[in-house]
Structure formats: C-alpha cells, structure tokens
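The values are calculated or read from the model by the stated rules, or taken from the named source; none is laboratory data. None of these values were measured; they are calculated from a predicted model. Reconstructed Cβ throughout: ideal geometry from the backbone, glycine too, with neighbour counts over all protein chains shown.
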C-alpha cells in the first residue's frame, strides 16, 4: 500500500497538509504516516532534565497526533500511523523516506507569510532531486472545499 508521509509540527500550514494527505489516501486506497521530529537543541540540558523534556515532547506529539488521527479515522476512514524521530528535521525526514519503501509521496504545507513557504519546504525542495519520491506542497491558505475538489 502506498503511504503519504506528512510532517506534524506546530505550523498553521500543517493542518492543510494533514487534510490533503488523508483525503488523497482515502481516495486512492493508501495510508498515511505522520512524522514528528524532535530537534536536538530541545535537550541541551543535564541528562535528567533532558530525559524529562524528551518524554514531555513525546507526550505532546502523541496528543497532537490523536487529534489528527481521530479526524482521519472519523471523516476519511484512514487510520494513520505515527513515527517520532529525534535530530535535524530535514535529515530525519529524508532518512524516514529512505527507510520505508511504502512511502510514495511526501506532503508538506507551505506557509502563507511573506517570509516564504517555511524552512522545511525550502530545504526539502533543494534536496528534491535526490529524494526517491515526489513532494506535494499544499498551500497553507487553501479552503477545505478546494482541498476536497483537488483530492
């Protein structure tokens, strides 16, 4: 089964990327993997503190994931899987794509402010020529109706 890989983060554009991935998976009989990457700079503390912070980050990720997963299950009949990695986000996304041969498309949400589409979109499009899969970039300001029409 072909899976859509979507990145879970705190950005607003993440929502449209999640919606797009779930709708495409529902319409094509695919699956969704939601990847969250914990950056290494979050744990530059003493070992005990870093361990607690790492666990708290994982709990936040699971809670955030469950919100999206419930919507995907209830509205799109798609049961997503969660993957959590630690490290530099772009490197971890690339490693995850390379480690799972069922992933067929990377779905990213593009920011809508004047600063550009966001760091992940900018960095990953620079690496897109060497990725084994295509990247779909979903504009962050697309309405639900437009998303439904194009998926």
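Out of the residues in the stretch 91-116 that are farther than 20 Å from residue 40 by Cβ and without any contact (Cβ under 8 Å) to a residue 40 or more places away in the chain, which is surrounded by the fewest Cβ atoms within 10 Å (Cβ to Cβ)? Among them, the one singled out is 114. In the stretch 59-74, the residues that are touching a residue at least 40 places away in the same chain (Cβ under 8 Å) reach residues that are part of a helix (DSSP H, G or I) with C-beta atoms within less than 7 angstrom, at least six apart or across chains, in these pairs: 68/18; 72/22. Among the residues making up the stretch 126-141, those that are modelled with pLDDT of 90 or more and surrounded by 15 or more Cβ atoms within 10 Å (Cβ to Cβ) are 133, 135, 136, 137, 138, 139. Select, from 30, 87, the only residue that is more than 24 Å from residue 140 (Cβ to Cβ) and surrounded by 13 or more Cβ atoms within 10 Å (Cβ to Cβ). So the residue among 30, 87 that is more than 24 Å from residue 140 (Cβ to Cβ) and surrounded by 13 or more Cβ atoms within 10 Å (Cβ to Cβ) is 87.
So for the stretch 108-121 (the condition being at pLDDT 95 or above and farther than 19 Å from residue 19 by Cβ), does at least one residue qualify? Looking through the stretch 108-121, none of the residues is at pLDDT 95 or above and farther than 19 Å from residue 19 by Cβ. Of the residues 66, 59, 42, 55, the single one that is modelled with pLDDT under 85 and more than 19 Å from residue 139 (Cα to Cα) is 42.
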